[in-house]
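The values are calculated or read from the model by the stated rules, or taken from the named source; none is laboratory data. Keep in mind the model is a prediction, meaning the values are calculated, not measured. Neighbour counts are summed over all protein chains in view; Cβ atoms, including those assigned to glycine, are modelled from backbone coordinates with ideal geometry.
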Amino acid sequence: MSIDNIGKITNKVEIGRRSFEDPKWIACKKEVAKRDKGLCQFQFCISLVEANQLVVGNQKQLDPAHVIAASDDAENIYNPKNVVTLQRYIHRRMDDYQNPLNGESITKNEHYYWWWRIITHKIEKYNDNVDYKEMVENFIRC
């Protein structure tokens, strides 16, 4: 629990943050680690050509990453379909709306395109006429 700026006590989950001791978060992370076999899932959605273009970051530790940010979708904070294992530099690029290959800025639709590829392990070209956010949301909620 924490105290917000007007002195009211709030649960961290209510404001989009999880405690490291949160049993639901621990269970979710454990399920995701087992499903992902402790491997960064980004490697499964890129071609050999893209792998050669990858600008590798220096933060290679693995993180459980929310596909749809916890602050945007509190209902799916503990949904394992909304969490994937990524190396930290890929996780940060995704959180910052950057191309995970090179760190360049991307649009919101491109952001969800990359999430679509990561969660489905599909290697496909970007199509500006596709609403990738809707596809990602449907995948997570099904």
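The residue pairs whose first member lies in region 71-84 and is under 21 Å from Ala33 (Cβ atoms), whose second member is surrounded by fewer than 17 Cβ atoms within 10 Å (Cβ to Cβ) and not basic (Lys, Arg), and whose beta carbons are closer than 6 Å, counting only pairs six or more residues apart or on different chains, are Pro80/Glu31. Among the residues of region 117-136, the one identified as in contact with a Phe, Trp or Tyr (Cβ under 8 Å, 6 or more places away or on another chain), under 12 Å from Phe44 (Cα atoms) and either free of Cβ contacts under 8 Å to residues at least 24 places away in the same chain or basic (Lys, Arg) (or both) is Lys122. The residues of region 34-61 that are aliphatic (A, V, I, L, M) and surrounded by fewer than 17 Cβ atoms within 10 Å (Cβ to Cβ), listed by number, are Leu39, Leu48, Val49, Ala51, Leu54, Val55, Val56.
Taking the listed residues Lys81, Lys29, Lys34, Lys60, the one that is modelled with pLDDT of 95 or more and in contact with a strand residue (DSSP E or B) (Cβ under 9 Å, 6 or more places away or on another chain) is Lys29, with no other qualifying. Taking region 72-94 as the range and being over 23 Å from Ala27 (Cβ atoms) and acidic (Asp, Glu) as the test, no residue passes.
Applying a threshold of 7 Å to beta carbon distances and a minimum spacing of six or more residues, or different chains, the list of pairs starting in region 24-53 at a residue that is in contact (Cβ under 8 Å) with a residue 40 or more places away in the chain and under 20 Å from Leu101 (Cβ atoms) and ending at one that is assigned to a helix (DSSP H, G or I) and of a type in the set (A, V, I, L, M, F, W, C) reads Cys40/Ile90; Gln41/Ile118; Phe42/Ile90; Phe42/Ile118; Cys45/Ile118. Is it fair to say Asn5 is at pLDDT below 95 and surrounded by 10 or more Cβ atoms within 10 Å (Cβ to Cβ)? The answer is no for Asn5.
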